[in-house]
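What follows is one structure encoded as structure tokens, with my remarks underneath.
Each reported figure results from applying straightforward, stated rules to the coordinates on display, with no laboratory input. On a predicted model such as this, the values are computed, not experimentally measured, just so you know. Every residue, glycine as well, gets a Cβ built from its backbone with ideal geometry; the counts of neighbours run over all protein chains shown.
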Amino acid sequence: MPDERDIGEERQWLYQERATLAVASLQKRNTNARYVTNRQEALSVVMAMIPEGVTVVCGDSVTLEQVGIVAELRKRNKNIVLDPMERAADGSLVVAGAERLRMQRAAFSSEVFLAGANAVTLDGKLVNTDALGNRVAPMIFGPDKVIVVAGANKIVKDVSEAIERIHRIAAPMNARRHGIKHHMEAFGNLPCARTGICVDCNNDSRICRYTVIIDGSLGRRKDRINVVLVGEELGI
Ligand code: SF4
């Protein structure tokens, strides 16, 4: 008798089918893309994409943490790795103020920028929303190579569903995460972080400030943005 409580196989199938479509669409828009089954495979694929000796800058991403890329880069010890959002054991930021800004700006002249994604559309677009723009700006321009790692749970039908996902799931959970885990009260007090519902606020600390749709790359820059879609639920 099948175990009706375990839907792992069905989920894996759904993720793979959707990711296969998204990968084909991303490639049509000159975005390198591939599907991997799990986070272990994602880790080895991403590590192989990062040459030794280059500077790597990271955007804030739960997915990058879950895959363990920064930890692995530090273990390999062959790159300069800048993580402006690195956290201490109590969740507070290790680097603050002008030094954090310097690291965020360094992304623009780095060889590799690592990021997660809020949403990847089935028609091959990346949709992300930032409070500051320190993730979306270097995704568009600056670093030689951008590597985006995203769980297949981030795949949505189109841009409209992507923006809906950002306000329904990503922004409220991120605001809550910053409030609770990182002691950033202003974010924790946002309406969505208190109630779980976006009210399209005009709060001073609104985290939905810059929404960028990446509709692929110019043909001559087709190797710049690289997307690794993972057949697991990852990130927010
Ligand atoms: S607009 Fe305001 S309430 Fe809505 S998700 Fe963004 S920060 Fe939260």
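Quick notes
- Residues of type aspartates and glutamates that K75 reaches as a straight line, Cα spacing below 13 Å, ignoring anything fewer than 8 places off in the same chain: E52
- Sequentially through the stretch 6-18, phi angles give Karplus couplings (6.51, -1.76, 1.60; θ = phi - 60°) of 9, 10, x, 5, 5, 5, 4, 4, 4, 4, 5, 4, 5 Hz, Gly and Pro residues having no value and appearing as x.
- Charge dipole (debye, nearest 20) of the stretch 8-230; +1 at Cβ of Lys and Arg, -1 at Cβ of Asp and Glu: 280
- Dipole axis of the stretch 8-230 (+1 Lys, Arg; -1 Asp, Glu on Cβ), positive-most option in P143, I166, G91: P143
- Cα centroid separation - the stretch 185-217 against the stretch 1-46, whole Å: 28
- Residue-averaged [θ]222 nm for the chain, counting only DSSP H segments that reach four residues, each worth -39500 (n - 2.57): -10500 deg cm²/dmol
- Global form of the stretch 107-170, assessed from the alpha-carbon gyration tensor, a/c cut-off 1.5: prolate
- In the calculated pair-distance distribution of the chain, the portion above 30 angstrom amounts to 23 percent of the Cα-Cα pairs.
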